[in-house]
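Take a look at the structure below.
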Protein chains: 4
Amino acid sequence: MTGGTFDKEYNEINGSLFFKDTHLPEMLKLGRCKLEVDVRTLMLVDSLEMTDADRQIILEHCSKAPEERIVITHGTDTMELTAKTLGQANLPKTIVLTGAMVPYKFGSSDGLFNLGSALTLAQTLPSGVYVAMNGRYFKWNNVHKNKNTGEFEEIRNAHAKAQRRKDF
Amino acid sequence: MTGGTFDKEYNEINGSLFFKDTHLPEMLKLGRCKLEVDVRTLMLVDSLEMTDADRQIILEHCSKAPEERIVITHGTDTMELTAKTLGQANLPKTIVLTGAMVPYKFGSSDGLFNLGSALTLAQTLPSGVYVAMNGRYFKWNNVHKNKNTGEFEEIRNAHAKAQRRKDF
Amino acid sequence: MTGGTFDKEYNEINGSLFFKDTHLPEMLKLGRCKLEVDVRTLMLVDSLEMTDADRQIILEHCSKAPEERIVITHGTDTMELTAKTLGQANLPKTIVLTGAMVPYKFGSSDGLFNLGSALTLAQTLPSGVYVAMNGRYFKWNNVHKNKNTGEFEEIRNAHAKAQRRKDF
Amino acid sequence: MTGGTFDKEYNEINGSLFFKDTHLPEMLKLGRCKLEVDVRTLMLVDSLEMTDADRQIILEHCSKAPEERIVITHGTDTMELTAKTLGQANLPKTIVLTGAMVPYKFGSSDGLFNLGSALTLAQTLPSGVYVAMNGRYFKWNNVHKNKNTGEFEEIRNAHAKAQRRKDF
């Protein structure tokens, strides 16, 4: 766990969004998940505030962990940057990053759906670094969050679409 | 869609559980799913009341569908029987059955998690028939629902556990 | 607390509805309720199975309780019978019965709304026995659950409506 | 309706909270409310940004409305100011202000509970202006939101508590 929208909560005293604790154990229970999962919270930060040093910490933990199959929950805004940091390290592991567009606690979150996706992708995909969002999965070097729609897409598509828009 | 707990609702007039319509489109929207999915409701039945004729209808639809990757939502009680019917037909397609222990509408359902699992498994697994439950996946000829715990497990494990219990 | 739909839960092993425990403390917390409330569970039964002996137990507890303002959660199907038993006893207390059409745990329940109603009615109404449902309140001797619509209504209206229906 | 936390939603593109539309009709339906209610949205503002001009608009609408019993949903931060504006006008009507600590859409809101309270208070209290929060009700000239706890309390109590704290 690294934080992100996934784990944000609403502070009813001042009306802001904040991190209290990860909801992952609760979500695994809700999903009746019977995989052996070891949950570790590395940090609880908004991904817009995640630094290069934070990304090095994530890389180091992935590298040293005894597990060969890892899911990382992460804010969506800079998920592609962390994916790149991990992908370039070329670890002999299957690493899947996922997140949520709406906090799990807010009742209409995509978090549980994405978590189901990411946990099965970690079981079936070969070594490499992937992003699991929108029911799809992407390789670390071909993924981009479209800031206008909030959707993840291939870089090629993103460029092609931008190009088409320019042409008009 | 074939029905099952997944799509049950509460009838507030007489206090019973019933089927009104599938919740799949709503769930795909909640999961911000951007896959191209063609949703078809074949039937809405409790899987304990599903007949061999119903299973033949499901097989026929899987066989004739132009798609090579198919997810089937199904009641959990006889999911292994439908998986067997489909598995023995040996279609050149990836077919993933999934369901839910608690109706989607009841707020603490595993349905969204399982749907995320099943949709990604349909994209990554080779041809064959599988069951996706509890964050895991099983081949059609090695899956069994434990009626006591409500969990899905491999047949070998189920036998081994029953054996161990007898030994004491 | 006496049970009723209010406190029913879904048994995911056998698909039935059952009582585990009252959700009242959780609901009071959700409502950020700061009233001094003493919660007592007298029984957890489906109101269709409530006997005259059960109603006598409820009456006895209302009579002996030191509180002068009491809210009773109750199944909706026989709420009018318990209201009658209590009303005829003519206790010098304000007693408000309420319930829910859908279990609190099922996500689309009217329970929290009805609880808010009942707790404020207990504070503002004079001595007597009342039913609080559908955002309205009724005196014990003028309330009836319409089994077709699931709504509570005055007896006079119920008769008038039935009469009008006959006239056609 | 005037806005407030009650009606805020989460913008999943930029992670901020915003108003889209009032959720009142949906909440009345969830509460199976059968009262005749005429819903009017006067504004959708954060109560910290509500101006004196806004309060005059609310007063004017209360004054001109044909109804004698009115519920106003309002942000909690300045609810006591609007209550004062309305209370000093001394209209021959029962007016109940209520709100929520957590947006209705966020799943753990007190909004439905408070709405149930406010609608029944509007039916039972004599002419005057009241605030309904925390399962309690307060007269307009004796209510105060404690910014530290988020709870509403009588002014006398608030002073007494502050005094006691100073004494130590």
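Worth a mention:
- Across the identical copies, how the C:Pro25 labels are spaced - nm, sorted shortest first, 7 Å along Cα→Cβ: 1.9, 4.0, 4.4
- Accessible area of the protein assembly as shown belonging to carbon and sulfur atoms, whole % at 1.4 Å probe: 49 percent
- Only Lys, Arg, Asp and Glu carry charge here, each on its Cβ (+1 for the first two, -1 for the last two); on that basis segment A:1-64 has a dipole of about 320 debye about its Cα centre.
- Accessible solvent surface per residue of chain D, calculated while the other protein chains remain in place, 1.4 angstrom probe, Å²: 46 Å²
- A:Asn142-B:Val37 FRET efficiency (beta carbon distance; Förster radius 22 Å; 0.05 resolution): 0.50
- Inter-copy separations for A:Thr149, label at 7 Å along Cα-Cβ, nm, ascending: 4.2, 4.6, 5.0
- Computed from protein heavy atoms with a 1.4 Å probe, the total accessible area buried between B and A is close to 2400 Å².
- Tensor-based shape of segment C:22-168 (alpha-carbon gyration tensor, a/c under 1.5 rounded, otherwise prolate or oblate): prolate
- Innermost chain D residue relative to the axis carrying D onto A, by Cβ distance in angstrom: D:Gly107, 2
- Neighbour-limited loop hits for trypsin sites (Lys or Arg not before Pro), segment B:74-148 (at most 16 other Cβ within 10 Å; DSSP other than H, G, I, E, B): B:Lys147
- Along chain C, longest interval not containing exposed GluC sites (Glu not before Pro), exposed being DSSP loop plus at most 12 other Cβ atoms within 10 Å: C:69-168
- Average 1/r across all pairs of distinct alpha carbons in the protein assembly as shown, invert it, and you get the Kirkwood radius: 27.8 Å.
- All-pairs Cα distance distribution in segment A:1-58, expressed in whole percent, bin size 10 Å: 21, 42, 30, 7
- Counting from the shortest, the label point at B:Thr41, 7 Å from Cα toward Cβ, is 3.0, 3.7, 4.2 nm from the same position in each remaining copy.
The values are calculated or read from the model by the stated rules, or taken from the named source; none is laboratory data. Bear in mind that the values here come from a model prediction, so they are computed numbers and not experimental data. For neighbour counting, all protein chains shown are included, and Cβ atoms are generated from backbone atoms with ideal geometry for every residue, glycine included. Calculation scope for accessible area: heavy atoms of the full protein, side chains included, ligands and nucleic acids excluded. Shrake-Rupley method; radii C 1.70, N 1.55, O 1.52, S 1.80 Å.
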